[in-house]
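Here's the structure, in structure tokens; my notes come after.
The values are calculated or read from the model by the stated rules, or taken from the named source; none is laboratory data. Please read these numbers as outputs of a predicted model, since none were measured by experiment. Neighbour counts run over all protein chains shown; Cβ positions are idealised from the backbone, glycine included. For the accessible areas, the whole protein counts, side chains as well, though only heavy atoms, and no ligand, DNA or RNA atoms are used. Shrake-Rupley method; radii C 1.70, N 1.55, O 1.52, S 1.80 Å.
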Amino acid sequence: MMRIDILTLFPELFKPFISTSIMGRAIDNNLVNINTHNIRDFAKNKHRQVDDYPYGGGAGMVMAVQPLYDALDHVIGLHDLKPTIIYLSPQGRVLDQAMVADYSRHTNIILLCGHYEGIDQRVIDKYVDQEISIGDYVLTGGELAAMVFVDSVTRLIPGVLGSSDSILEESHTNHLLEYPHYTRPSNYKGDKVPEVLLSGNHKEIDRWRRTQSLKNTLIKRPDMLSKAELSDEDQMLLKELKEHK
Ligand code: 4HQ
């Protein structure tokens, strides 16, 4: 089973996320074990203060070394194997589906969530194995980034979702956007589902879906196509689609 420990000043933020839907079921089924720890519980000063003014001056506060060293030593001790320690930060490598797939094979992970201007650099130098960003924008804290990480990684753990086929087919695994999805009824107030999907002709359905997927990607995310694995037929189709523009 994968063990994830999250170090945060706001463990309560994780409660509904951890207990709901697919995450809740994955935990109940012992496919992943998620533990949150309040960094403030490790502060040794009288006011349990975890931050302080930056050396050299400037705006904002910095999370101080003592609570973080102690919190990290504590949670590292909870692991039977050497955990991978990840700090969520805009300075990190930007998370993508290939990285998520790699992490889903890890068994021991510690996530460190920073607040304010961030954490004292000595913590990163001493403990952090990898810095990860969830995208080029600024959050108020690492908690949402940690949830994005946990959510995307957990769903790839075998047994968490239905079938592994659907994972192989999904966007960002095959570097293509998905085809449009429809469900009953086939006609709602005159808005109809494409005829081919009702035909029962699976070869035709597959061809239609592949075309839609290529079209969607070309229009919305042409940057993705360079990584996609394209058959000769795909390439011919794309050439036609490009010329029709
Ligand atoms: N922050 N991807 C600053 C992020 C972030 C991101 C987390 C804000 C860390 C100190 N984390 N704190 N983007 O913006 O992961």
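When you filter the trypsin sites (Lys or Arg not before Pro) in the range 41-102 for DSSP loop state and at most 13 other Cβ atoms inside 10 Å of their Cβ, you are left with Lys44, Lys46, Arg48. Report summary: the helix-based calculation at 222 nm, which adds -39500 (n - 2.57) for every DSSP H run with n ≥ 4 and divides by the residues of the chain, gives -10500 deg cm²/dmol. Note on the chain: along the principal axes its Cα atoms extend 71, 42, 39 Å, ordered by decreasing extent. Based on the Kirkwood approach, the hydrodynamic radius assigned to the range 43-134 is 14.4 Å, with every pair of different Cα atoms included. The spacing between the range 57-105 and the range 169-245, judged by their C-alpha centroids, is 39 Å. Separation of the alpha carbons by more than 19 angstrom is noted, of Lys82/Lys126; Lys215/Lys242; Lys215/Lys239; Lys15/Lys82, for Lys15/Lys82.
Considering only Cα atoms, the convex hull volume of the range 123-176 works out to 125 Å³ per residue.
Accessible surface area normalised per residue over the range 92-140 is 53 Å², counting heavy atoms of protein chains with a 1.4 Å rolling probe. Residues whose amide H comes within less than 5 Å of that of Met61, counting only those at least five positions distant or on another chain, are Glu117 (H built at 1.01 Å from N in the peptide plane).
How many percent of the alpha carbon pairs in the range 182-245 exceed a separation of 21 Å? Of all Cα-Cα pairs in the range 182-245, 37 percent lie more than 21 Å apart.
Put a dot 7 Å past the Cα of Arg93, heading toward its Cβ, do the same for Arg207, and the two dots end up 4.1 nm apart. Axis of helix 65-76 versus longest Cα principal axis of the chain: the two differ by about 60°, to the nearest ten degrees. The range 122-245 has equivalent-ellipsoid semi-axes of 36, 20, 15 Å, by the square roots of 5 times the alpha carbon gyration tensor eigenvalues, sorted largest first. Taken over the Cα atoms of the range 1-92, the convex hull encloses 139 Å³ per residue. Along the range 160-175 the Karplus relation, 6.51 cos²θ - 1.76 cosθ + 1.60 evaluated at θ = phi - 60°, assigns HN-Hα couplings of 6, 9, x, 10, 6, 4, 5, 5, 5, 7, 7, 3, 6, 8, 9, 6 Hz to successive residues, with x for each Gly and Pro.
Annotation for Glu233 and Arg221: the two label points, set 7 Å from Cα along the Cα-Cβ direction, are 2.3 nm apart. To put it simply, the accessible area of the range 1-147 at a 1.4 Å probe is 52 percent carbon and sulfur.
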